[in-house]
Structure formats: structure tokens, C-alpha cells
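Q: Take a look at the following structure, please.
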Amino acid sequence: MKLIVPRKRKLLNLFLIVFIFLVLPSLIVLFNGHHHLVKIAETYTPEDWNSIKGLTDKFDFSYLPGLSDLKSNTELDTNGFVLSPGNVQFKFLNKGNKKGTPEEIVKQNAESYKELVSKDPGAPKDAVLIPPPSPENLATYKHANATIMALVRNEEVAKIGQSIRRFQKQFNSKFNYPYTFLNDQPFTDRFKKKILRYTDDAPVEFVHIKSELWDKPSFIDEEKEKKEMEIMFKHDIAYAKKQSYHNMCRFYSGQFYNVPELQKYKYYWRIEPQVKFYTSIDYDVFRYMEDTQKVYGFTINLYDIEESVKTLWPETLKFLNQNDNVKYVNQNGSFQWLLEDLQNPKKNKATGGYSTCHFWSNFEIGDMDFFRGEAYNNWFKYLDSTGKFYYERWGDAPVHSIGVSLFAAKDKIHWFRDIGYFHDPYLYCPQTPTSRECEVGKFSIWEHLNDQNCLMNWLDHDQPKQVY
Ligand SMILES: Nc1nc2c(ncn2[C@@H]2O[C@H](COP(=O)(O)OP(=O)(O)OP(=O)(O)O)[C@@H](O)[C@H]2O)c(=O)[nH]1
Ligand SMILES: [Mg+2]
């Protein structure tokens with residue numbers, strides 16, 4: 001008997017330890033709800049992937065105060081948003097009263113898209129466009145404060161060369177805007193020499209990105225990262241296990257505008273290896289951005305892989321509901337296309353409400369001062385602190401898109417309807433007098449990807465006014 005007593009005490013101690021350290025925190029989380037979302041991400045199992053519906057049901061927005069008032073909230077039903085501290089909500093209103101099954105809506109939108117794109121857009125009419133100067137005046141031309149920017153690897157020299165050749169022909173040989181090439185490795189002499197063959201008279205800068213702007217942050221839990229990457233890989237998320245791809249997405253999401261060599265510039269035009277420009281651009285696009293004070297320009301608008309951004313929207317709502325962060329939201333933001341759930345509802349279900357529609361960022365013309373601003377930057381810092389550029393595979397395109405939609409007025413976002421463009425496997429080919437080598441209205445080189453287009457959602461629900 002005497003022997004059993006200490007054993008019982010040990011058992012009691014063990015029970016207490018288990019209760020205090022394991023059971024109690026779970027109970028707190030259960031009753032409190034605030035950390036529920038974090039818990040979901042952490043306890044996510046491979047089985048969860050099998051049912052997108054199951055995943056959706058697990059999203060618990062109870063950490064947002066006031067969400068229980070959702071149905072009776074007239075402000076939400078009228079505006080599609082409520083913006084008060086600790087009670088930030090958004091709702092898709094379907095003001096255009098679109099009806100039909102997702103398949104029918106895809107079809108309707110595809111038809112509207114074809115019709116729209118088959119009309120010559122001309123050029124934007126909301127500014128006086130600046131034509132190229134004559135070659136003898138090029139040296140004294142008044143440029144906007146802008147650079148053409150490309151993050152690229154040494155081994156991609158031929159592929160970026162193709163892009164530059166086309167870009168020079170269609171736009172930059174007429175203006176000579178400077179290029180900035182960025183790389184996490186030092187550029188080789190071979191790379192530099194080859195690039196200078198393509199860039200004609202434009203100034204060129206080669207930048208080696210400092211490791212603190214590129215490397216994975218030290219707080220990332222590598223065990224967890226490995227586990228999550230494995231799950232994403234099993235679900236066919238492109239580049240899921242590629243560490244450098246995650247670095248690239250994080251860099252383009254929230255670091256590129258901090259590169260010291262880019263501080264002198266306000267505007268950037270991002271280009272990538274192996275892209276095509278189908279139309280001749282005969283006005284100064286940067287001066288257009290400047291004159292209209294636009295913050296972001298795009299050509300293609302499409303869905304993302306929902307599993308790669310499964311908690312990007314909930315985490316964003318969480319940020320907006322902290323402290324007085326709601327002050328960053330622009331009342332005239334483009335919230336509706338972010339939430340549109342008629343054309344591809346399975347996306348919204350898997351992401352806690354986000355349609356996954358985004359501006360395709362391999363082509364983008366933007367104002368770095370917007371990204372450097374307090375709103376975007378604090379939000380990015382919050383996103384970064386969740387570690388989900390690594391535990392998920394948040395892309396820079398959805399991050400930029402949500403950022404400009406929330407923090408900039410919708411009339412500061414511009415669809416470059418007159419610039420034809422290709423990055424495998426999607427294209428934008430408008431009917432213009434200079435369009436070459438593309439089929440007008442075609443959206444993808446693969447027929448089955450035509451349903452990935454969500455441009456009409458942006459146009460129908462958030463485009464401010466016609467500028468063409
Ligand atoms: N220097 C450097 N550049 C990179 C790295 N990873 C990606 N990039 C560049 O970042 C841009 C985006 O990467 P991509 O591999 O094209 O990604 P993506 O467009 O999503 O995928 P693709 O369909 O393969 O083109 C490109 O300009 C790449 O050259 C990297 O590790 N180092
Ligand atoms: Mg690419």
C-alpha cells in the first residue's frame with residue numbers, strides 16, 4: 001500500500017500538468033474564440049483538404065466583435081461595408097443583380113469580355129497624354145520619377161532579354177526610362193553584358209538585394225513550415241516547396257519598395273522573363289500615372305489557387321479590427337470584387353470570403369509611395385508576423401490587390417485597356433490598330449482556363465468610371 005501512495009501522487013501531479021498546460025489553454029481558446037483562427041491553421045490536417053466545404057465550415061469569424069449583428073445591420077446591407085473600430089465588416093451586395101449558376105455567370109462574363117475587348121479602346125481620356133519626344137529632344141525630356149524593374153536570376157538572362165527586346169520596341173525606346181535589375185545573388189558580368197545589348201540607350205542599374213530584405217525571417221518555425229509545405233505540395237500548389245518562391249512572393253509583397261536603390265523612384269513598371277507586349281504604347285505611361293495620381297495599373301485580372309491564400313482575408317479582417325486600424329481603409333475602396341461569390345463560389349468558401357480575384361502582378365505599374373505609406377506597410381508587417389508567406393503560399397499578386405483595394409480609392413486603380421500583354425498561360429489582346437501576334441479577345445492559351453478570368457467582376461462592381 002505504501003508503495004501505491006507516491007505513485008498516486010505522481011499521477012495526480014501528471015494530471016495537473018496535463019490539465020494546466022494542455023487542457024486549460026484549449027478551453028480558454030474555446031470559450032474566448034479570439035484565437036480560433038490561428039488554431040484552425042495550426043490544427044489543419046491533410047483530410048481537411050479533401051473537402052473545401054468542410055474547410056469553410058471551420059472558418060469562425062467569432063473573433064470579430066459585432067459579427068452576430070450582421071443580419072440586422074442596415075449599414076452593411078446598404079454600403080456593403082461597416083467601418084468602425086473593432087467592427088469592420090464587408091459584404092457582397094450584387095448591385096448589378098447578376099443571376100445564374102456559376103457556369104452561367106462564367107458564360108455571361110466571357111461573352112461580355114469578348115464583346116468589350118473586340119472594340120478598339122483608343123487611349124485613356126482622363127488626362128492629356130504625352131507623346132514620345134523626337135529623338136533629338138529625348139535627352140532633355142521631362143521624365144516622371146520612374147523605373148522599369150525586374151527581379152531576375154542570372155540564368156534567366158536570355159528570357160528577360162526577350163521581354164526587354166519587346167518592351168523597348170513597344171514603349172521604352174521612345175522614352176528611355178531607366179531599368180533596375182534586382183537579384184538576391186550578385187549579377188554576373190555575363191548577365192550585365194548581355195542585358196546591355198538589349199537596353200539600347202536607357203540607363204541601367206544592377207542591384208544585389210541585401211539579405212535582410214530577401215531571406216526568410218528568423219521567427220519562422222521550420223518544422224511547421226516543412227509540414228505545411230508538404231501539405232500544399234500534396235495539393236498541387238505550384239512552387240509549394242520552393243523556398244525561394246516564398247521569399248520572392250514576400251519580397252514583392254512588402255520589401256521591394258524598401259530597396260535602397262529604389263528609394264529615389266516613385267513609380268515602377270514591373271516586367272518578367274518571357275513576357276510579350278502586343279501593342280505599341282505611344283504615350284508616356286508614367287506621366288499618365290502621375291497626372292491622374294493613380295497608384296496602380298494592371299492588364300489581367302484572374303482567380304488564384306484558393307489553398308494558397310486560405311487565411312489571407314481572415315487575417316486581414318483581424319488586422320483591420322485591431323486598435324484603430326480601420327482608419328486605413330478607404331471609403332471608396334474596391335471591396336465588392338474581392339467578395340464577389342457568384343462566378344466561382346468555391347473560392348470564397350475556401351478563403352473565408354475572398355474571391356481570390358487579383359490583378360496579375362507580373363505586369364504592374366505602381367506608385368511605390370503608396371506601398372511605402374503607413375496603411376499598406378503596417379498591414380504588410382502584420383501579415384508578415386503571421387509567418388504565412390511560408391506556412392501558406394501567399395502570393396504578391398493577391399497581397400497587392402487586397403492592399404490597393406482596401407487602402408486606395410477605386411479611381412486610383414487603372415485597367416490598361418490599351419496595352420496587350422502575355423505571360424504564360426494568360427494574355428490580354430485588345431483590338432487596336434497596333435495589336436500584333438495575338439488573337440483578339442483570347443484569355444488563355446488553354447481553353448479550359450477561360451473560366452479563370454474575373455475582369456468583368458472588377459468592371460461591373462468596382463470600376464469607378466469609363467476612362468476609355
Ligand atoms: N533573383 C531571383 N529572382 C527570382 C527568384 N524567384 C523568382 N524570381 C523572379 O521573380 C519573378 C517571378 O517569378 P516566376 O518564377 O516568374 O513566378 P511566376 O510568374 O509565378 O511563375 P511562372 O509561371 O513560372 O513564370 C520573375 O521575374 C523571376 O525571375 C529568385 O530566387 N531569385
Ligand atoms: Mg513569371
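Q: Among rounded, prolate and oblate, which fits the stretch 329-380 when a ≥ b ≥ c are the square roots of the eigenvalues of its C-alpha gyration tensor, a/c under 1.5 means rounded, and a/b larger than b/c means prolate?
A: Prolate, because a/c is 1.5 or more and a/b exceeds b/c.
Q: So, one more: List the relative contact order of the stretch 102-462 as a percent without decimals, with contacts defined as Cα pairs under 8 Å and 6+ residues apart.
A: This gives 25 percent for the stretch 102-462.
Q: Work out how far the C-alpha atoms of the stretch 108-223 reach from end to end along every principal axis, then list the three figures in whole Å, largest first.
A: 52, 50, 26
Q: Quick check: residue separation of Ser118 and Lys216 times 0.36 nm, minus the Cα distance between them. What number comes out in nm?
A: Between Ser118 and Lys216, full extension yields an extra 30.8 nm.
Q: What's the exposure ranking of Thr292, Thr199, Thr78, going from fewest to most Cβ atoms within 10 Å?
A: Thr78, Thr292, Thr199
Q: While we're looking at this one, here's another question. Quick one: of Lys125/Lys194; Lys95/Lys125; Lys169/Lys264; Lys266/Lys442, which pairs are farther than 28 Å apart, Cα to Cα?
A: Pairs exceeding 28 Å: Lys125/Lys194; Lys266/Lys442.
Q: What pairs from Lys119/Lys174; Lys99/Lys327; Lys119/Lys192; Lys98/Lys410 go past 32 Å between their alpha carbons? Before the final figure, lay out the partial values.
A: On the way: Lys119/Lys174 26 Å; Lys99/Lys327 34 Å; Lys119/Lys192 41 Å; Lys98/Lys410 21 Å.
Violating the 32 Å Cα-Cα cut-off are Lys99/Lys327; Lys119/Lys192.
All of the numbers you see were taken from the coordinates with simple rules; none came from a lab. Quantities reported herein were computed from a predicted structural model and do not represent experimental measurements. Heads up, the Cβs are rebuilt from the backbone with ideal geometry, glycines too, and the neighbour counts pull from every protein chain shown.
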